[in-house]
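Just so it is clear, none of the values below were taken in a lab; they were calculated from the coordinates. The shown structure was predicted, so the numbers you read here are calculated from the model rather than taken from an experiment. Backbone-built Cβ (ideal geometry, glycine too); neighbour counts: all protein chains shown.
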Amino acid sequence: MFGVAVVGVPVVLGAAGFTATGIAAGSIAAKMMSAAAIANGGGVAAGSAVAVLQSVGAAGLSAATQGGLAAAGAAVLGQL
């Protein structure tokens, strides 16, 4: 179940426009970036949702995040 998240999250982010080469023009990500920049006076703040999503879109999920998702999945499945 959470294995799907490990693979699916980068795929969904890419489809939204958060790509390895940057935010795709005309995408949902571009609209989010524009709104964040307007709200922040012209720039996207480090650590903001847009910045984090772009980071994941560019690099994928870290090993620590993948491990956390796997552990959470195991815990949930263990309760069923």
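Please list 38-51, 20-33 highest first by mean number of surrounding beta-carbon atoms within 10 Å per residue.
Packing proxy ranking, top to bottom: 20-33, 38-51.
Taking 0.36 nm per intervening residue step and subtracting the Cα-Cα distance, what contour gain separates V12 from S27 on full extension?
On the way: separation 15, 0.36 × 15 = 5.40 nm, distance 1.24 nm.
Contour length minus Cα-Cα distance gives 4.2 nm.
For A20 and N40 in the same chain, what is the full-extension length gain: residue separation times 0.36 nm, less their Cα-Cα distance, in nm?
On the way: separation 20, 0.36 × 20 = 7.20 nm, distance 2.41 nm.
Net length gain for the segment: 4.8 nm.
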